[in-house]
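To start, the structure under review is shown below, and the notes come after it.
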Amino acid sequence: VNPSTSDLGRMAEPALLILISLTAGPRHGYAIMTDVEQMTGEALGPGTLYAALSRLESRGLIEAMPPVERRRPYRLTALGEAAVEEQLHALEKVARVGLKRLRAGAE
Amino acid sequence: MNRLVRLYPAAWRDRYGDEFSALLEDIRLSPFDMIDILFAAVDAHLHPQPAETAANLQRDTHMTRKHYGWAAMLGGTMFIGTWLVDVLYPLAAVGLLLALAGLSAVPGRRRTGRAWLGFLLPAAGVAVSLVGVVLIAALADSPLIGSVRPYHVLALGVLGLLAGSVVFALDTLPSDSPGRKPAAAILIGAIAAFAGMAPQVYAWTPTPSVPLLAATYGGSVLYGIGWIWLGYTAIRQPPVLVDAQAT
């Protein structure tokens, strides 16, 4: 786990989902919520969304852009891009090992 | 909606309140969302994030800098105008004093000896010069003690202001904030004006020579332009929304 997101605790998963959503480009809160719902099939609560956003912003993983009609888009920083890439590689490795073991157990 | 946002701490509301309200207007809130917001508001009270305070601090700094920028522009303009209409001097003095206080201390919130000297020396100069203005108004050009006249008190204060501005400019030059080129203009202008004024005021030379007059007026105009430029630069500097790289 990337050290810059390791202390997010219960916000780690929503934070990762937000980072993944922002890999497609800058988005404001509502767009992130709908994108995460499409990705995972589960809605991210507005309170959880902003709790995670403020943590990501404080850690320099995302940055706020000028608001457009009160809706402020966020975008990944270079640090955020590196963090999400590292976490996705770690998850990919875990998924590969898990699937391999499942297949081995089934044979 | 606003009631839900009010559950959050003030610093959080200042940073995220508007966009969060906009989001709540975009969605149909379910009971789950209400509970989610309640928990998140408690979390925001228990775990304030640096971005909230950093953004507020920077916004405050920007606002303050903007005001000091206007003060610098006023002070610079009035300083040039003083050579045409001398009653403008108190406005120039107060404007420049405010600008010195704000623009010397704001960048990085530095508290070095030179930063303080760059404020205290011209501040003392302004105080002395304003005493001189009051004395001139009260006594015209009657001698105070021996050959010392109210005009000498005013001039002493102005020279202190110029000397202090040199320290301020030297302290500002190494930093981009609020601006190197305007600081250089202040530095050169203050040195030239000081060098031109001091010999004339204290009669170190029998008659004001053309080079001394040129240094006084040219330096004063450049000094004023430097302050106007510095103020304009400070006003134009955009606020940085988030500078927190806390890990």
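Bear in mind these aren't lab numbers, they're just calculated from the coordinates by the rules spelled out. Bear in mind that the values here come from a model prediction, so they are computed numbers and not experimental data. Using ideal geometry, Cβ is built from the backbone for each residue, glycine included, and neighbour counts are taken over all protein chains shown.
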If B:Arg13, A:Arg96, A:Arg70 are placed from fewest to most neighbouring beta carbons inside 10 Å, the sequence is A:Arg96, A:Arg70, B:Arg13
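Using a Förster radius of 41 Å, what is the FRET efficiency between B:Arg3 and B:His67 based on their Cβ-Cβ separation? Nearest 0.05, please. List each step's numbers first, then the result.
Values: r = 34 Å, r/R0 = 0.83.
Calculated transfer efficiency: 0.75.
Using the Cα centre of chain A as the reference point, and only Cβ charges (+1 on K/R, -1 on D/E), how large is the resulting charge dipole? Debye, rounded to the nearest 20. Each step should come with its number before you reach the end.
Working: 13 positive and 13 negative charges, 20 e Å.
Taking the Cα centre of chain A as origin, the dipole is about 100 debye.
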The range B:121-234: relative contact order from alpha carbon pairs under 8 Å, six or more residues apart, as a whole percent, is 24 percent
Here the range A:40-50 yields Karplus 3J(HN,Hα) values (6.51, -1.76, 1.60; θ = phi - 60°; whole Hz; Gly and Pro given as x) of 10, x, 10, 7, 9, x, x, x, 5, 4, 6
Final fewest-first order of B:Trp116, B:Trp229 on the 10 Å Cβ neighbour count is B:Trp116, B:Trp229
So, with points 7 Å from each Cα along the Cβ direction, the B:Trp116-B:Ile35 label distance in nm works out to 5.8 nm
Assertion target for A:Ile32, B:Ile35, A:Ile20, ordered by fewest C-beta neighbours within 10 angstrom first, is B:Ile35, A:Ile20, A:Ile32
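Report the relative contact order of chain A, percent, no decimals, based on alpha-carbon pairs under 8 angstrom and at least 6 residues apart.
Numbers: 108 pairs, mean separation 31.4, N = 107.
With pairs under 8 Å counted, the relative contact order is 29 percent.
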